[in-house]
Every structure is written in C-alpha cells, then in structure tokens.
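The values are calculated or read from the model by the stated rules, or taken from the named source; none is laboratory data. No experiment lies behind these values; they were computed from the predicted model shown. Here Cβ is always computed from backbone atoms with ideal geometry, including for glycine, and neighbour counts include all displayed protein chains.
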C-alpha cells in the first residue's frame with residue numbers, strides 16, 4: 001500500500017524502490033524508508049542551507065545527538081525550554097531559527113515528537129518518523145525548509161529598514177551588506193563572526209558578530225588604531241566592561257574617541273591606507289550613523305582655496 005504522505009503530495013515527483021520512496025520538488029529531496037518492524041516510516045528531507053556561511057545548527061525536542069553537548073538559546077523562551085539546540089555560530093542563530101521556522105518545527109512535532117533540524121556543510125536536513133497514514137508529514141517538512149528562508153529574509157528586511165534610516169543602501173541578499181554615502185566617499189558595510197570551535201571561550205562566541213564599516217583613505221598619514229585590549233594588555237581607557245588599547249597617535253583626543261566608540265558600540269578602529277571600523281553585533285542605524293560621522297571626522301577634506309573644491 002502506498003503511504004498517504006506520497007499520494008497526498010502530488011506536487012512532488014516520486015520514485016519507488018521496494019521499501020523506499022524518493023520525492024523531489026525544486027531543490028528539495030525527501031527519502032522515506034519503511035522500517036522492517038512496526039511498519040513506521042523514517043523520512044529525511046534535504047535542501048541547500050539558507051545561508052552560505054559554514055554554520056552548524058541542530059534542534060531536537062528529545063535531546064543531544066551527533067556528539068553535540070552545548071545547549072544554546074535561540075531567543076524564544078518557550079522554544080528554548082522545549083528543545084535542545086546546538087550551534088557552532090550562536091551569534092547567527094536568532095536570524096535563522098526565527099518565528100516561521102519555530103512554528104513549522106512545532107507543527108511537524110505534532111506528527112513526530114522527535115523531529116529534528118540539522119544544518120551542516122551547506123545542507124539542511126529535516127527528519128521525522130511517522131505511520132503511512134500521516135498525510136501531512138511531507139508538507140510540514142517542506143514548511144520547515146521554507147521557514148528558514150522566510151526568517152532569513154525577514155531578518156535582512158528588518159535590518160535593511162533600520163540602517164536605511166542612517167542613509168545606508170542595503171543589499172537584499174545574505175550575508176548582510178550595504179553601502180553608506182558620506183562627505184568623504186562611500187563606505188562598505190559587511191559582517192563577520194567567529195564560530196564556537198575557534199573561540200578561546202565558548203560563551204564569548206555568542207557575542208562575536210561584528211559589523212565592519214570601511215573605505216579607502218586617500219589622505220593617509222601615520223597609521224594608528226584603537227582596539228579592545230586583551231586582559232594582560234595595558235588599556236588607554238575603559239568604556240563599560242570594554243578596555244581599549246591605542247597604537248600610534250590618533251588625530252582625535254581620547255575623550256572624542258571614547259564618545260564615538262560608546263555611541264557606535266565599536267570594537268575597534270584601524271586607520272592606514274584604508275580605514276575600518278568594527279562594531280559590535282549587527283549594527284543598527286545609531287551605530288552606523290556614529291561610524292559614518294567618525295569616518296568623516298577622521299578623513300575630513302583638507303581646506304583648499306581652489307575654485308574646484
């Protein structure tokens with residue numbers, strides 16, 4: 001007897017080989033294998049991951065698998081309480097495991113309380129186990145994949161709306177990127193983060209998402225920088241829990257730098273042939289406005305008597 005999850009999902013192209021069914025639609029592939037005992041079916045649906053970053057995400061309501069041991073939070077208290085979640089890049093977790101994905105997983109768990117989501121190596125896999133009569137299981141698995149894309153796009157759109165108020169022009173694609181026009185030229189905006197496996201302290205990897213604002217410096221002088229100082233490095237000044245060390249001779253006073261760093265929640269400033277400001281988190285309009293203003297102050301056009309300037 002053909003399982004109902006096959007006959008009730010005609011949008012997929014199905015192939016049958018004994019106790020195995022394989023269905024495809026677009027970039028989604030689902031493989032269903034019948035267990036020899038009990039008649040239950042084990043389904044695994046794969047598709048390309050929603051982002052190109054080499055991220056690992058695992059979510060299960062039944063506990064640890066694959067050797068993952070660190071339970072992290074996605075930011076929703078109810079979902080976090082009911083699920084074991086692992087990610088090697090927890091600073092990006094909240095942008096993907098959002099409301100659409102959580103709702104789709106919860107609906108799938110109504111069929112299989114042990115359904116899992118696993119993203120690794122650029123592939124997303126959703127697994128579930130059910131009876132042949134579970135006609136909605138494939139549809140709900142597809143909804144999880146679609147939910148990840150929906151949450152990614154919603155995160156990008158929300159960020160784009162925020163930074164547009166700072167005059168930035170965001171790109172509608174992952175990873176988040178934008179361009180800011182200033183009086184001293186255009187500045188590039190991009191992000192980076194550190195995975196837990198390469199962080200000295202695993203817990204600190206939650207706060208390793210950084211926004212980079214940079215551009216070309218066509219009036220370079222002596223290079224200088226300001227950066228958050230390591231514990232044993234002497235600090236020039238302290239802002240909250242962050243200690244900052246200065247290299248070279250900045251053209252601004254420490255008070256001026258401190259105010260700009262505080263307003264922009266800056267991690268560091270590097271000035272040479274190029275200028276780059278590193279900001280904590282996925283920067284909002286206040287941070288980007290502060291970064292653009294600081295760049296304009298540092299690279300302000302030189303006074304000129306030319307009629308063409």
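Annotations for the structure displayed:
- Residues considered: 11, 53. Of these, the only one that is within 15 Å of residue 140 (Cβ to Cβ), surrounded by fewer than 19 Cβ atoms within 10 Å (Cβ to Cβ), at pLDDT below 95 and assigned by TED's automatic domain parsing to the domain that holds residue 138 is 11.
- Listed by first and then second residue, the pairs linking a residue in the stretch 221-242 that is touching a residue at least 24 places away in the same chain (Cβ under 8 Å) and assigned by TED's automatic domain parsing to the domain that holds residue 280 to a residue that is surrounded by 15 or more Cβ atoms within 10 Å (Cβ to Cβ) and part of a loop (DSSP other than H, G, I, E, B), with Cβ atoms under 7 Å apart and 6 or more places separating them unless they lie on different chains, are 224/250; 226/250.
- Looking only at the stretch 66-84, and only at residues there that are surrounded by 13 or more Cβ atoms within 10 Å (Cβ to Cβ), touching a residue at least 24 places away in the same chain (Cβ under 8 Å) and assigned to a loop (DSSP other than H, G, I, E, B), the one that is nearest to the chain's Cα centre (by Cα): 74
- Any hit, the stretch 56-63, residues being without any contact (Cβ under 8 Å) to a residue 24 or more places away in the chain, in contact with a strand residue (DSSP E or B) (Cβ under 9 Å, 6 or more places away or on another chain) and surrounded by fewer than 21 Cβ atoms within 10 Å (Cβ to Cβ): yes
- Hey, residue 138 in a helix (DSSP H, G or I) and at pLDDT 95 or above or not: yes
- Boolean, residue 227 is assigned to a strand (DSSP E or B), over 28 Å from residue 176 (Cα atoms) and out of contact with any helix residue (DSSP H, G or I) (no Cβ under 7 Å at 6 or more places or on another chain): no
- Residues that are assigned to a strand (DSSP E or B) and under 18 Å from the mean Cα position of the chain (by Cα) within the stretch 166-189 comprise 170, 178, 189, listed in sequence order.
- Filter result for the condition that a residue is crowded, with 16+ Cβ neighbours inside 10 Å and either more than 22 Å from the chain's Cα centre (by Cα) or assigned to a loop (DSSP other than H, G, I, E, B) (or both), over 100, 44: 44
- The residue list 236, 245, 260 contains one member that is surrounded by 15 or more Cβ atoms within 10 Å (Cβ to Cβ), modelled with pLDDT under 90 and either over 27 Å from the mean Cα position of the chain (by Cα) or under 22 Å from residue 191 (Cα atoms) (or both), which is 236.
- The residues of the stretch 133-165 that are more than 17 Å from the chain's Cα centre (by Cα), under 25 Å from residue 41 (Cα atoms) and surrounded by fewer than 18 Cβ atoms within 10 Å (Cβ to Cβ), listed by number, are 133, 135, 136, 139.
Conditions (1) in contact with a helix residue (DSSP H, G or I) (Cβ under 7 Å, 6 or more places away or on another chain); (2) at positive phi, marked per residue:
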position: 138; (1), (2): yes, no
position: 154; (1), (2): no, no
position: 159; (1), (2): no, no
position: 167; (1), (2): no, yes
position: 175; (1), (2): no, no
position: 191; (1), (2): no, no
